[in-house]
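Engineer: Okay, here's the structure, questions in a sec.
The values are calculated or read from the model by the stated rules, or taken from the named source; none is laboratory data. Note that the structure is predicted; figures quoted are calculated from it, not measured. Cβ coordinates were reconstructed from backbone atoms using ideal geometry, including for glycine residues, and neighbour counts include every protein chain displayed.
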């Protein structure tokens, strides 16, 4: 380039050219620049990693004004699914209780069968802990399926005991007879479900991160639910059936 007098102007006097590293692509969202930082998690739960990451960022990094950090990806999907489950699970349990009341015409028997759910919950939580897995969306879905199986076993046992009482047997006799004659159906339900889910619990290939938590929860919960259904549920039946000293009530609406 030449000046007004015709003399050449060196390039160093016009500009300084430097080579610097920069982003290969500039992305924007809501008219703001956005940068993705991705990583995979192995051997840890997503929620725990995110909580630890948030604490470290808050303690070690002070972001300039206008900068924000948003945790997305699998964590965002998990939060969205958990929010839906917080609505679906209570509604489902409420519908189950209503159907139990409709079937037995009694709040006491419906409550007795619903009490079977904590027994199933114990086994599911312990099985996750023993297998080194964490509570996730597939595991939550497994708990919903487990609750359905536990309620089914409770219905089988309580309905048969009620039938024996209506045929004239006393409460203690009806409980012993009902448990002995309904042992096989309850155990068969557990075994068929266990055999069907065992391959999923042992899966190691693609999709195992979804299959294993669900199967683990159901298998572990079935063991405790079946055992406690045949032991604790009959023991509580006399209380919920309205047994009094020297007096027994037949199954009714209360």
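Engineer: Is the range 180-199 home to any residue that is modelled with pLDDT of 85 or more, over 30 Å from residue 88 (Cα atoms), out of contact with any helix residue (DSSP H, G or I) (no Cβ under 8 Å at 6 or more places or on another chain) and in a loop (DSSP other than H, G, I, E, B)?
Structural biologist: So far as the range 180-199 goes, no, none of its residues is modelled with pLDDT of 85 or more, over 30 Å from residue 88 (Cα atoms), out of contact with any helix residue (DSSP H, G or I) (no Cβ under 8 Å at 6 or more places or on another chain) and in a loop (DSSP other than H, G, I, E, B).
Engineer: Still on this structure, I have one more. Could you look through the range 164-175, keep only residues that are in a helix (DSSP H, G or I) and touching a residue at least 12 places away in the same chain (Cβ under 8 Å), and pick out the one that is surrounded by the most Cβ atoms within 10 Å (Cβ to Cβ)?
Structural biologist: Among those that are in a helix (DSSP H, G or I) and touching a residue at least 12 places away in the same chain (Cβ under 8 Å), it is 174.
Engineer: Can you give me the ranges of the helices (runs of 4 or more DSSP H) entirely in the range 56-156 with at least 2 residues that are without any contact (Cβ under 8 Å) to a residue 12 or more places away in the chain?
Structural biologist: 74-104, 116-130
Engineer: Run down 57, 99, 95 and say which single residue is surrounded by 11 or more Cβ atoms within 10 Å (Cβ to Cβ) and at pLDDT 85 or above.
Structural biologist: 99
Engineer: Is it the case that some residue within the range 184-195 is over 19 Å from the mean Cα position of the chain (by Cα), in contact (Cβ under 8 Å) with a residue 12 or more places away in the chain and under 30 Å from residue 45 (Cβ atoms)?
Structural biologist: yes
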